[in-house]
Each structure stands twice: as C-alpha cells, then as structure tokens.
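**Q** Let me give you the structure first, and then I'll get to my questions.
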Amino acid sequence: SRLNCIGALASEMYFLTCIQMSGTNVFHCETERQWSKYVGHRKAVIDFYAQWCGPCKQIAPHFKQLAAEHKRVHFVKVDIENEALSDVVRKFDVRALPTFVVMDNGRIIDCIVGANLEKLEAALTKL
C-alpha cells in the first residue's frame, strides 16, 4: 500500500544505505538498507529531489541550513531517479518535486510539495 503525505503512518520500514555529508546531519540515501537508522525511530525530514529539478537546486542550500539549525533532526535526501529507491518513492507517493516529508518516530507529521521554505520551516516547528 502507498503512504500519502496527509498524516499517514509509516507502517513499513525501508532500509537504505545513507551517506552522511561531512560534518552535517544531512544524509544522502542510495540503496535499500539502514533507513531506520536515519528515519525509523527519530525525527527526520526527507527531501525527495532530482538532479535536473530547478526548484530542488534552489532550495537545497536552505535545506542544508535548516539541518545546521536543527541538529537533533536527521535531514535525508532521496534522489527519485535512483532505481534502487523506486519502491521508497512509490511508497511515499511522490508526484511533484521537491517533496519534503517530515516524520517523527516513523509517523508522517507533514508533507510539503514544492520549494516552499516557509512551509518547511513551519513543519519543523511541529517536531
């Protein structure tokens, strides 16, 4: 079953191997392993993006800055074109870019579609 961004529970855990950006709490997930380490039972913001997406590139520095301001939250980037993650993209029903999913302990708190920094900041206050 698919998760939709309107308060759905993340009932299944996906395991992804994530690469931590040096000195930050921003992680780039690339394969299905260890998702729970960065998302499952903690506060997390997932950024579904694509390399070719202009709005994704525009908000990326702000995403990194928010990560620096919210050290207790994991910020996870998922490239929607990575075939190894297609099940994750499908599970979260990503239909537009960028899509941000704010989670707490495996539960979806909020979903922001589009490069809307104000909405992303507001969603972080819910954590």
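**Q** Within the stretch 95-127, count every residue that is within 11 Å of D47 (Cβ to Cβ) and surrounded by fewer than 21 Cβ atoms within 10 Å (Cβ to Cβ).
**A** Adding up the residues that qualify gives 1.
**Q** What are the residues in the stretch 45-88 that are farther than 20 Å from A123 by Cα and in contact with a Ser or Thr (Cβ under 9 Å, 6 or more places away or on another chain), if any?
**A** Scanning the stretch 45-88 gives I80, N82, A84, L85.
**Q** Counting only residues that are more than 14 Å from K77 (Cα to Cα) and assigned to a loop (DSSP other than H, G, I, E, B), how many does the stretch 88-114 have?
**A** Qualifying residue count for the region: 6.
**Q** Restricting attention to the stretch 66-85, which residues are more than 14 Å from the chain's Cα centre (by Cα), part of a helix (DSSP H, G or I) and surrounded by 12 or more Cβ atoms within 10 Å (Cβ to Cβ)?
**A** Hits for the stretch 66-85 are A68, A84.
The numbers here are math on the coordinates, done by the rules we state, and not lab data. Values in this document were obtained by computation on a predicted structure and should not be read as measured data. Reconstructed Cβ throughout: ideal geometry from the backbone, glycine too, with neighbour counts over all protein chains shown.
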